[in-house]
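**Q** Before I ask anything, here is the structure I am working with.
The values are calculated or read from the model by the stated rules, or taken from the named source; none is laboratory data. Just so we're clear, the structure is a prediction, and the values are computed from it rather than from any experiment. Reconstructed Cβ throughout: ideal geometry from the backbone, glycine too, with neighbour counts over all protein chains shown. With ligands, DNA and RNA removed, areas are computed over all heavy atoms of the protein, side chains included. Shrake-Rupley method; radii C 1.70, N 1.55, O 1.52, S 1.80 Å.
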Amino acid sequence: MPRNRYTLAGAIIAFLLVANIVYYGFSGWGLITVHADNEPLGKVIKSIEWQGWVKIYSNIDSGATVSMYVDKVTLPEALETLAANITIPPPTNDPSPSGAPDGNGRGGRGGGGFGRGAQWNLAFFIGSSSTNVKEMINSFERGTSSDSVKTYAYPTMLGFLTTNSDDDTPTPTGDPRLQVWQGMKPQIVPVSTSPAAPADATNTPPAPTPPASPDSMQGYLRTFAQASDIFVMSDSSWDPPVANPPPASSSIISAIKNFVSRNHGAVTQAFVLRARGGRGPGGGRGGFAGGDDTGWSMEDRMRNAVNGLPPEARANMLSQLDQLAKLRKDMQNATPEQRQVMRRQQMETRMADNPDGPMRRWSPDKRAQWFQQMVSTRMSAQGK
């Protein structure tokens with residue numbers, strides 16, 4: 001009898017031990033921990049790939065180094081911190097010893113380094129075949145591409161909006177994989193402001209017509225990029241006609257993959273970490289609410305990107321987007337002098353809400369580099 005009791009007690013202890021190990025493993029599943037001190041970029045990327053179960057392609061020089069420190073953070077937060085802390089070697093023809101001719105580089109989605117930035121994106125490499133896609137990925141990593149390769153990537157400045165924070169916690173980073181595809185945007189016929197012509201006029205100008213919807217693959221790929229915060233690289237020579245537009249979907253990933261598959265193409269989904277600078281053919285700017293050539297605007301992309309934020313952060317960010325939209329409307333009705341004052345007030349508010357900006361994700365080494373550069377710049381300006 002005692003032996004049975006000991007056996008039962010041992011089994012219970014073993015079960016609790018295994019359960020504790022399993023719980024510990026699953027509680028951190030998919031979270032990223034990186035402690036890097038001037039480590040090669042490739043090594044850090046491999047660590048994030050292994051922990052996050054993702055693939056990351058980069059066109060940044062292999063000589064780049066990273067110092068970053070994160071503990072059990074989400075994949076987007078790890079990528080944001082990585083982009084903010086990359087030290088990109090200056091070009092060999094850069095006359096500036098620091099590699100920072102303008103000294104205004106930023107971190108994260110807006111760039112990293114001083115003057116030479118980095119950014120990350122959810123990416124789709126799309127072509128006529130898997131071989132074609134692999135060739136594009138290889139050329140992206142080498143920093144070269146043929147004239148037929150197009151990049152569709154439009155600004156989505158969600159980081160432009162800030163939240164009040166009493167501690168040193170940065171604004172949450174959204175997960176672009178949680179974005180949606182709302183379907184094709186309805187085309188609105190522009191309203192003519194010309195006075196009505198007489199009924200019997202023979203030279204009445206034709207009524208304005210809305211922009212034509214895409215009718216081929218490349219047009220729809222551009223539309224996907226204009227409606228969401230993604231990076232699309234595609235072989236423009238593969239441009240088959242498309243009879244039916246992609247239907248709305250609760251997932252931007254599913255929408256793109258299904259659309260490409262239905263049209264007999266190949267697509268590889270990954271994350272990209274890329275040096276800032278070239279926008280590439282097919283890229284564009286598009287105003288906050290002005291819309292690009294298919295009607296989508298930066299505001300649309302920002303609202304879509306909000307879907308990737310933690311639930312507790314979405315309402316606050318949408319509220320700030322509404323305030324920004326109202327400010328834009330008020331500025332349209334203001335005089336040039338009033339607009340200047342409104343812009344200055346808005347910038348002052350942003351800086352008061354988040355005075356440290358991207359520095360909140362910088363490593364101690366990166367902060368020290370920034371401080372040293374600022375001191376050097378000021379001394380040079382004073383002729384010292």
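**Q** If you check Val66 against the conditions, is it at pLDDT 65 or above, over 30 Å from Ser216 (Cα atoms) and not charged (D, E, K, R)?
**A** yes
**Q** I'd like to verify a number: residues in the stretch 54-73 that are β-branched (Val, Ile, Thr) and either without any contact (Cβ under 8 Å) to a residue 40 or more places away in the chain or buried (at least 21 other Cβ atoms within 10 Å of the Cβ) (or both), how many?
**A** Counting residues in the stretch 54-73 that are β-branched (Val, Ile, Thr) and either without any contact (Cβ under 8 Å) to a residue 40 or more places away in the chain or buried (at least 21 other Cβ atoms within 10 Å of the Cβ) (or both) gives 4.
**Q** What pairs can you find where one residue is in the stretch 303-321 and free of Cβ contacts under 8 Å to residues at least 40 places away in the same chain and within 20 Å of Glu80 (Cα to Cα), the other is open to solvent by less than 20 Å² (accessible area, probe 1.4 Å) and of a type in the set (A, V, I, L, M), and their Cβ atoms are less than 8 Å apart, with a gap of 6+ or different chains?
**A** Arg303/Leu321; Arg314/Val306
**Q** Counting only residues that are part of a helix (DSSP H, G or I) and open to solvent by 20 Å² or more (accessible area, probe 1.4 Å), which one in the stretch 225-267 is nearest to Ala123 (Cα to Cα)?
**A** Ile253
For (1) open to solvent by 90 Å² or more (accessible area, probe 1.4 Å); (2) modelled with pLDDT under 65; (3) not charged (D, E, K, R), each residue gets a yes or a no:
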{"position": "Tyr6", "(1), (2), (3)": "yes, yes, yes"}
{"position": "Gly25", "(1), (2), (3)": "no, yes, yes"}
{"position": "Trp29", "(1), (2), (3)": "yes, yes, yes"}
{"position": "His35", "(1), (2), (3)": "yes, no, yes"}
{"position": "Gln51", "(1), (2), (3)": "no, no, yes"}
{"position": "Leu75", "(1), (2), (3)": "no, no, yes"}
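For (1) out of contact with any Ser or Thr (no Cβ under 9 Å at 6 or more places or on another chain); (2) aliphatic (A, V, I, L, M); (3) modelled with pLDDT of 95 or more, each residue gets a yes or a no:
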| site | (1), (2), (3) |
| --- | --- |
| Ala207 | no, yes, no |
| Asp215 | yes, no, no |
| Ser234 | no, no, yes |
| Trp238 | no, no, yes |
| Pro246 | no, no, yes |
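**Q** I would also like to ask the following. When you go through (1) under 30 Å from Phe124 (Cα atoms); (2) at pLDDT below 80 one by one for Val306, which number turns out not to apply?
**A** Every condition holds for Val306 apart from (2).
Let's see how each residue does on (1) at pLDDT below 95; (2) among the charged types (D, E, K, R); (3) touching a Lys or Arg at 6+ places or on another chain (Cβ under 6 Å):
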residue: Ala83; (1), (2), (3): yes, no, no
residue: Pro91; (1), (2), (3): yes, no, no
residue: Asp94; (1), (2), (3): yes, yes, no
residue: Asp102; (1), (2), (3): yes, yes, no
residue: Gly111; (1), (2), (3): yes, no, yes
residue: Ala118; (1), (2), (3): yes, no, no
residue: Lys134; (1), (2), (3): no, yes, no
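**Q** Okay, next question. From the list Thr162, Thr173, Thr151, Thr144, pick out the single residue that is outside any strand (DSSP E or B), modelled with pLDDT of 80 or more, surrounded by 14 or more Cβ atoms within 10 Å (Cβ to Cβ) and of a type in the set (Ser, Thr, Tyr).
**A** On inspection, the qualifying residue turns out to be Thr173.
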